[in-house]
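Notes follow the structure.
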There are 2 protein chains.
Amino acid sequence: MTTTELHPDAGLDALADLAAQLRVDSIRSSTSAGSGHPTSSMSAADLLAVLMTRHLRYDWDDPRSAVNDHLIFSKGHASPLLYAVFKAAGVVSDEELMTGYRRFGQRLEGHPTPVLPWVDVATGSLGQGLPDGVGVALAGKYLDRLPYRVWVLTGDSELAEGSIWEALDKAGHYHLSNLIALADINRLGQSGPTELGWDLDAYRRRAEAFGARVLEIDGHDLAAIDAALADAGRAAGDRPTVILAKTIKGRGFSEIEDKEGWHGRPLPPDMAERAIAQLGGIRNLVVRGPRPSMADHAGPRTAAPSSGAAMPAYPVGEKVATRKAYGDALVALGARDPKVVALDGEVKNSTFALEFATAYPDRYFEMYIAEQQMVAAATGLAVRGYRPFASTFAAFFTRAYDFIRMGAISLADLRLAGSHAGVEIGADGPSQMALEDLAMMRAVHGSTVLYPADGTSTVALVEAMADTPGISYLRTTRGAYPGLYPAGEAFPIGGAKVPRSGDHDDVTLIGAGVTLHECLRAADLLAADGIAARVIDCYSVKPIDSAVLTAAAEATAGRIVVAEDHHPEGGLGSAVTGALLAAGRKDLSVAHLAVSGMPGSGTGAELLAWAGIDADHIAEAARGLVRPE
Amino acid sequence: MTTTELHPDAGLDALADLAAQLRVDSIRSSTSAGSGHPTSSMSAADLLAVLMTRHLRYDWDDPRSAVNDHLIFSKGHASPLLYAVFKAAGVVSDEELMTGYRRFGQRLEGHPTPVLPWVDVATGSLGQGLPDGVGVALAGKYLDRLPYRVWVLTGDSELAEGSIWEALDKAGHYHLSNLIALADINRLGQSGPTELGWDLDAYRRRAEAFGARVLEIDGHDLAAIDAALADAGRAAGDRPTVILAKTIKGRGFSEIEDKEGWHGRPLPPDMAERAIAQLGGIRNLVVRGPRPSMADHAGPRTAAPSSGAAMPAYPVGEKVATRKAYGDALVALGARDPKVVALDGEVKNSTFALEFATAYPDRYFEMYIAEQQMVAAATGLAVRGYRPFASTFAAFFTRAYDFIRMGAISLADLRLAGSHAGVEIGADGPSQMALEDLAMMRAVHGSTVLYPADGTSTVALVEAMADTPGISYLRTTRGAYPGLYPAGEAFPIGGAKVPRSGDHDDVTLIGAGVTLHECLRAADLLAADGIAARVIDCYSVKPIDSAVLTAAAEATAGRIVVAEDHHPEGGLGSAVTGALLAAGRKDLSVAHLAVSGMPGSGTGAELLAWAGIDADHIAEAARGLVRPE
């Protein structure tokens, strides 16, 4: 196989050849796989040919170089194009393209994921790549202070996602001139024409209104593309750039150009053959575009870490809200580690992220009420090696669930803190009560779910989260409750505490967060009845401490009460019983107390009682297990 | 208590009095409750005074009247204002306002919910009221064909939510001139100034770019408000109207006007006293605004239901994808019931909602790729008594989780169908694989979660969903699998099937959807080894059939294999073991097979094997239970 090398000074003819190669390879890989999106790749091939040859500053031999530009395919289904780019860059072989795409055990997945070293984030759930790119660009402008640009290829269908507008809004607000969206306006979605078709003016008005500079081009005019990318790539001014490229789906093969019914369909082999012929056959151009340079940049802010910064400490018995302890701990972490950054969704005075924002304003990003963008920005910041902590009311993380799920697929280390969990919050009512969050977060791949009951354990867990891979979630409580543990006590992830136990316990009471306090009160009530209760603090809901649970089941003849301020499904009770069954226990008598009804307003105490998860109900359930009627 | 009645012809002085009353009552109720958002209420009091007196066509004695206008507080935290409006309308007493607000067991909750007859949807998770209003307006314009208007009060902070722009985009696309957003631009959010402050021009550009007609007013100028509401209320043209009202937070009490630090804080009693004095004291005006009329409207489209329309039938053994059966069944339901409507997120050719869209284009609403708006529109359609079925890939319902959660609090009956569940989808990779949806949907209050394995059961369950209250969710599969049940077999919600059993079963295999087929194959493999397996089809994951599970556990000495194409947490396995423990089983030996790793691409069969949930792994797990080493 002979290859021809292309350099940034290659002429437009050579770029046209490269674009044809990207189209041909998109067709070949998807036809060979029997699935994929060739037509969505062909519309953007000209954009990518010019970008990779003349504008993308990228050291393909060192994908982790800090000065590389970033390239994100927000339209992840155009993976055939992305992988064709990788072949043209010489980092993926033609053989891999033809035998690896969409195959089991291979890295060229149906939609790009960071198992590939040149991919920052997983895409394929539309409307996420641009929000993720905002996070990378925030890092570039405010933290790394490096001149890299973030190029994001978006589709047009995905511009219907609100998250795109959250992204442009924040890109404008934060003056991210280093962010460039290439919008491939090919008019056709999956099941029919897009809402706005080729009405580029409509897109222009929207993008401009949200703070972007807009360039409109014919997305198949190489000279126009080149001029627009050069303009955008200067990253001048204080606005992000959106390049609206009018394109044709399936461009390059006359039989399918601009035709409906070809989304997500590979060409049958005979059509593929005709298409490849029409595109001038198979090529093997290799491109070496501009390389990034370390020269002429301000360089990252390097705050000297003060490793001695003390974590906050709270006396046993003194009341502190775990959400307050979260804020305190985050400030201490921030002093130790300049990579720690924080984001919040305009509730920072409630989540106590305000403390971090006040102490380290340069490392705090206000996302206003845009939870999707908040999680996406955290993902982008994690791409650049930062340790983001993102907070809002626990209930409002439901708004960002798709982003959290995709964060896991992106192999991003995200630290999420949800405050105001459960009915405990009281008067605000059900819209503000997180009652699904434990289920939601436990179901995320590789997640860690933490639910501390006091200040000391909160501090320890926040500290642990800084080094926890994957999605970690901390559930905090609105109200202040007495400190249970002395400062400095260890709370390893995956562990549990046994704040009360004896040699002859009759029953085990399991709680976390506010229900742990109720369990302790219940144990007092039971003691007055002559019933000895062991109490377990399941501060680590996932992973859960199977050994402590099993020992308790063994000690108390399988009699277990689990109480949680959460709906009955998928939360603490589910985690506890799952672990015990997996450990082979056959003696279980479990009373599972959870929030089954639809709560209203009230005081926290009234609602805990109403839900049947307060000390009285826990004690009553325990009595029922110990002394069945 | 003397009351003065106000009529639509009341002068501006009287309106000013009413506005002062609304402010005073907002202060009184929140101070009496010790929590709430008086300042966010005071900024919008003038808007509501004029609206309720002169423009809102509403029969307060008949809140269910089909011709009433709709009033939605998207800024649900302004509940003190809403409840003050209800007092002014004479439907809530002053005593209830002063003793019921935010109290346990009372209906004047911290954020409005439909436990109140004048409230359409629950709000309080910001950015949802306007999307919900789009659904109501769609019903008004296209289905009811009634002249009611939908008035939505939004805050300014919530305009940062992408869902707001999804809503305006769809309102423009569907020419919803019957939708009027009153945006209360008071400049201050919860924790500080909003992103755009009083830059009304910025909001104007955005709203216009998204297809709205925009009116800018001083939100405290009663004459200007009146003119704008009159203009908007004509519902002329083909665009929604956004009224941008420049307002002052805390307006009416000089000590707190436009001051930070007063969000979500009731006035202390001494301040409240001064505020009430400054506002002219307590009033008891009662308002009777314009009443709606049945005259001069086109009236609803009344398609005669053809109750005899046959549900689709599939032969046993013939392969059909459950997603295809969903589409088929929906068409049949549509023939029977003119209240059945459908929505999809631009994947209708994959979910097979396309069949309904083709058969009943007047009752199909394309939401493009905007899943949040899709669920919100369904909620609004449900408000008007329609039976919405909304579909997208199961994975992408994660995008709308907050809307689903709030749909439950809104007491909306929503029917959601998620296709392409699990690793079974194969080549597209993890971004498209729903592996959290069962956990997510089970955790929703009052939800029903269904997961059929063949065409016959799918048809029966879709039919059942039409009459199912609350949030019901149908999980469908990409691939086609053989029909298992004869047409017409009953599949009650909460039931389970036992497609294979004998008098001396050794082990129970439990599956749903694709894993049921794997369980049946595993039973064949086991039979060849002399092991008799009972197989259970858990098509109803929530509620689950405890009786069938318990009987199987009893018959097979507690030996149970559960296999699910879902992450291990919160799904089928969790539902099964939860039910068995709740039933008091102590003999359980459970092997729970689920998707633990991070999948890539491959064929469905390869991925089921990789995940350890195919027939071979199920059989192996069963052997391990029956003949432990």
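To one decimal in nm, how far is B:P486 from the same spot in the other copies, if labels go 7 Å from Cα toward Cβ? Please give the shortest first. Once sorted, the set of distances for B:P486 reads 7.4 nm.
Under the convention that each Lys and Arg Cβ holds +1 and each Asp and Glu Cβ holds -1, the size of the dipole of region A:501-560 around its Cα centre is about 200 debye.
Near B:L285, the amide H atoms lying under 5 Å from its own belong to B:T4; only residues 5 or more places off or on other chains count, and H is placed 1.01 Å from N.
Tell me what the protein assembly as shown gives for mean residue ellipticity at 222 nm when only DSSP H runs of n ≥ 4 count, each as -39,500 (n - 2.57), the sum divided by the residue total, rounded to 500 deg cm²/dmol.
Numbers: 44 runs with 449 residues, N = 1258.
About -10500 deg cm²/dmol.
Averaged over peptide A:370-382, how many Cβ atoms belonging to another chain are found within 10 Å of each residue's Cβ? Walk me through the numbers before you get to the answer.
On the way: counts 7, 7, 6, 3, 0, 0, 0, 0, 0, 0, 0, 0, 0.
That average works out to 2.
DSSP finds beta bridges in the protein assembly as shown, and of those with both partners inside it, around 10 percent are antiparallel. Taken along the Cα-to-beta-carbon direction at a fixed 7 Å, the label points for A:H7 and A:A223 span 2.4 nm.
What the Cβ-Cβ distance of B:D199 and B:Q278 gives, at R0 = 30 Å and to the nearest 0.05, is a FRET efficiency of 0.50. Each other copy places its own label point for B:S596 at 3.3 nm from this one, sorted shortest first, where the point lies 7 Å along the Cα-to-beta carbon line.
To the nearest whole number, what is the average tally of beta carbon atoms from other chains within 10 Å of the beta carbons of peptide B:440-452? All intermediate terms of the calculation are to be shown ahead of the outcome.
Details: counts 9, 4, 8, 16, 6, 10, 4, 2, 0, 1, 0, 0, 0.
Per residue, the average neighbour count from other chains is 5.
Ranked by how many other Cβ atoms sit within 10 Å of their own Cβ, fewest first, the residues A:V423, B:V134, A:V92 fall in the order A:V92, A:V423, B:V134. Summing charges over all other residues whose Cβ lies under 13 Å from the Cβ of A:Y485, with Lys and Arg as +1 and Asp and Glu as -1, gives -2. Rounded to the nearest 10 degrees, the inclination of helix B:572-582 to the longest alpha-carbon principal axis of chain B is 90 degrees. The magnitude of the dipole of the protein assembly as shown, with charges of +1 and -1 set on the Cβ of Lys/Arg and Asp/Glu and taken from the Cα centre, is near 320 debye.
Consider a paramagnetic label point 7 Å from the Cα of A:A66 along Cα→Cβ; state which residues of region A:323-364 have an amide N under 20 Å from it. From region A:323-364, the list is A:334-342, A:362-364.
Note: relative contact order over region B:484-629, using C-alpha pairs below 8 Å and six or more positions apart, is 27 percent. The angle between the Cα long axis of helix A:455-465 and the longest principal axis of the Cα atoms of chain A comes to about 30 degrees, rounded to the nearest 10. Nearest 10 degrees, 0 to 90: what angle lies between the long axis of helix B:162-173 and the longest principal axis of chain B (Cα atoms)? The helix B:162-173 is inclined about 80 degrees to chain B. The slack between B:A310 and B:S596, meaning 0.36 nm per residue of separation minus the straight C-alpha distance, is 98.8 nm.
Taking the Cα centre of region A:201-271 as origin and assigning +1 to Lys and Arg Cβ atoms and -1 to Asp and Glu Cβ atoms, the resulting dipole is close to 340 debye.
Ordering A:T194, A:L414, A:A527 by the projection of their Cα atoms onto the charge dipole of chain A, which places +1 on the Cβ of Lys and Arg and -1 on the Cβ of Asp and Glu, puts A:L414 at the extreme positive end.
Under the 0.36 nm per residue contour assumption, what length would be gained going from the current alpha-carbon distance of A:T99 and A:A16 to full extension?
Values: separation 83, 0.36 × 83 = 29.88 nm, distance 2.61 nm.
Extra length available between A:T99 and A:A16 comes to 27.3 nm.
Separation of region B:524-593 and region A:514-540, taken as the distance between their Cα centroids, equals 32 angstrom. Apply the a/c threshold of 1.5 to the C-alpha gyration tensor of the protein assembly as shown and tell me whether it is rounded, prolate or oblate. Cα axes put the protein assembly as shown in the rounded bin.
Would you mind putting A:184-193, A:409-418 in packing order, based on average other-beta-carbon counts within 10 Å, highest first? Spell out each step's value before the answer.
Values: A:184-193: 22.3, A:409-418: 26.2.
Highest to lowest by the protection proxy: A:409-418, A:184-193.
Position A:E629: other-copy label points at 4.7 nm, ordered by increasing distance, label point 7 Å along Cα→C-beta.
Listed highest first by mean packing, meaning other Cβ atoms within 10 Å per residue, what order do B:281-289, B:482-490, B:456-464 come in? Write down the numbers at each step before the final one.
Details: B:281-289: 17.3, B:482-490: 15.7, B:456-464: 25.3.
Packing proxy ranking, top to bottom: B:456-464, B:281-289, B:482-490.
Multiplying the residue separation of B:A557 and B:R234 by 0.36 nm and subtracting their alpha-carbon distance yields 109.2 nm.
For the peptide B:95-107, the mean number of other protein chain Cβ atoms found within 10 angstrom of a residue's Cβ is 3.
Lys and Arg at +1, Asp and Glu at -1: add these up for the other residues within a Cβ distance under 13 Å of A:V152 and post the number.
Around A:V152, the surrounding residues sum to -3.
Where a ≥ b ≥ c are the square roots of the eigenvalues of the C-alpha gyration tensor, would you call chain B rounded, which needs a/c under 1.5, or, failing that, prolate if a/b is larger than b/c, or oblate? Verdict is prolate for chain B.
Of the residues B:G426, A:I180, B:S501, the one whose Cα sits farthest toward the positive end of the charge dipole of the protein assembly as shown, with +1 on the Cβ of Lys and Arg and -1 on the Cβ of Asp and Glu, is A:I180.
Bear in mind that the values in this text are calculations on the coordinates, not laboratory data. For clarity, every value in this text was computed on a predicted model and none was experimentally measured. All Cβ positions, glycine included, derive from the backbone under ideal geometry; neighbour counts span all protein chains shown.
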